[in-house]
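The values are calculated or read from the model by the stated rules, or taken from the named source; none is laboratory data. What you see is a predicted model, and the numbers here were worked out from it, not measured in a lab. FYI the Cβ positions are ideal-geometry reconstructions off the backbone, even for glycines, and counts take in every protein chain you see.
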Amino acid sequence: MLLYLLYKVARGDILYWPRIEGAGGVILSFFARVILKVVVDFSGCVHFRHPFEMGGLAFSMSMIWAQIFSFVALIFFEDDDSKEEITIFLSCR
C-alpha cells in the first residue's frame with residue numbers, strides 16, 4: 001500500500017477527483033486511494049484499471065500479487081490432508 005501511495009505522490013496523482021486544494025483535499029484523496037486499492041486487491045474489479053484510477057501497471061501487479069499470495073498462504077496451511085486438493089483447486093482457477 002505504501003509503495004502504491006508513494007508512486008501516486010511521485011507522479012503528482014495523489015489528489016483525487018474532485019480536486020480539493022489544501023490539507024483537506026490531500027486527506028480525502030488519501031482515504032479514497034486507500035479504499036480504491038483495497039477494493040481492487042480483494043475483488044479484482046476491472047473498472048479501476050483506467051489510468052486515472054490505479055493505472056494499467058499497478059492494476060496488473062495487484063492481480064499478479066493476488067494470484068501468487070494464495071499459494072504463499074497455502075504454505076502456512078496446517079491441514080495436510082486437504083492441502084493437495086486445495087493446490088489443485090488453486091491451480092485450476
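Structure notes:
- Pairing residues of the range 64-89 that are within 18 Å of C45 (Cα to Cα) with residues that are of a type in the set (D, E, K, R) and at pLDDT below 80, at Cβ distances under 7 Å and at least 6 apart in sequence or on separate chains, gives A66/D41.
- Taking the range 26-68 as the range and being charged (D, E, K, R) and assigned to a helix (DSSP H, G or I) as the test, the residues that pass are R33, K37, D41, R49.
- Among all residues of the range 81-93, there is none that is in contact with a helix residue (DSSP H, G or I) (Cβ under 6 Å, 6 or more places away or on another chain), at pLDDT below 75 and among the basic types (K, R).
Residue by residue, here is whether (1) within 25 Å of S91 (Cα to Cα); (2) of a type outside the set (D, E, K, R) holds:
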position: R11; (1), (2): no, no
position: I14; (1), (2): no, yes
position: I27; (1), (2): no, yes
position: F31; (1), (2): no, yes
position: V38; (1), (2): yes, yes
position: E53; (1), (2): no, no
position: L57; (1), (2): yes, yes
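- Taken as a whole, the range 50-72 holds at least one residue that is farther than 23 Å from S29 by Cβ, surrounded by 11 or more Cβ atoms within 10 Å (Cβ to Cβ), in contact with a helix residue (DSSP H, G or I) (Cβ under 6 Å, 6 or more places away or on another chain) and modelled with pLDDT under 80.
- Whichever residue in the range 1-42 is acidic (D, E) and within 16 Å of F59 (Cα to Cα) and, among such residues, is surrounded by the most Cβ atoms within 10 Å (Cβ to Cβ): D41
- Residues of the range 78-93 classified as under 26 Å from K37 (Cα atoms) and outside any helix (DSSP H, G or I), total: 1
- Being over 11 Å from the mean Cα position of the chain (by Cα) and of a type outside the set (D, E) holds for only one residue in S62, S70, and it is S70.
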